[in-house]
Amino acid sequence: MSQDYYNINERKGKHLTERERYTIETLLQDGKAPSEIALKLGRHKRTIEREVKRCTVKLLNSDLTYRDQYCADAGQRIRDEKGKNKGPDLKIGNDHKLAQHIEDRIIKDEYSPDAVIG
């Protein structure tokens, strides 16, 4: 038995998954309103509205006019790019003396970074 759905309560603050983004895209193409999509996905209406606003792109029609359309791929790409910036800061960032010493050794004395570490 799979434990994918072992908790009946939704966790607050959970990010939209890629599958949910594709569901939003298909339901919007079917003409569903954000409130209907929110009910189907078990999310708040405002979450869906923000996602649609953030990930709407301009697409070129065959008659060279533009149309605005939600794109799940764009939404996932935006999330992945923002996720790259997460994580702890570098430890050397707070030690200005050490950073200056390393810069001086590399630039002025022409040491390699490996030699400075050693």
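Every number in this text was worked out from the coordinates using simple rules, so none of it is lab data. Computed from a predicted model, the values in this text were never measured in an experiment. Neighbour counts run over all protein chains shown; Cβ positions are idealised from the backbone, glycine included.
Placing R0 at 41 angstrom, the Cβ-Cβ distance between residue 104 and residue 82 gives a FRET efficiency of 0.70 after rounding to 0.05. Normalising the average separation of contacting C-alpha pairs (under 8 angstrom, six or more residues apart) by the number of residues puts the relative contact order of the stretch 1-87 at 22 percent. Bridgeable lysines around residue 108 (alpha carbons under 28 Å apart, same-chain partners fewer than 8 residues away excluded): 91, 97.
Straight-line cross-link partners of residue 82 among the aspartates and glutamates, defined as a Cα under 18 Å from its Cα and at least 8 positions apart when in the same chain: 18, 51, 73. About its Cα centre, the stretch 31-83 has a charge dipole of approximately 280 debye under the convention of +1 per Lys or Arg Cβ and -1 per Asp or Glu Cβ, with nothing else charged.
Legend: distances between Cα atoms for 14/45; 32/58; 14/58; 45/84; 14/86; pairs beyond 23 Å are 14/58; 45/84.
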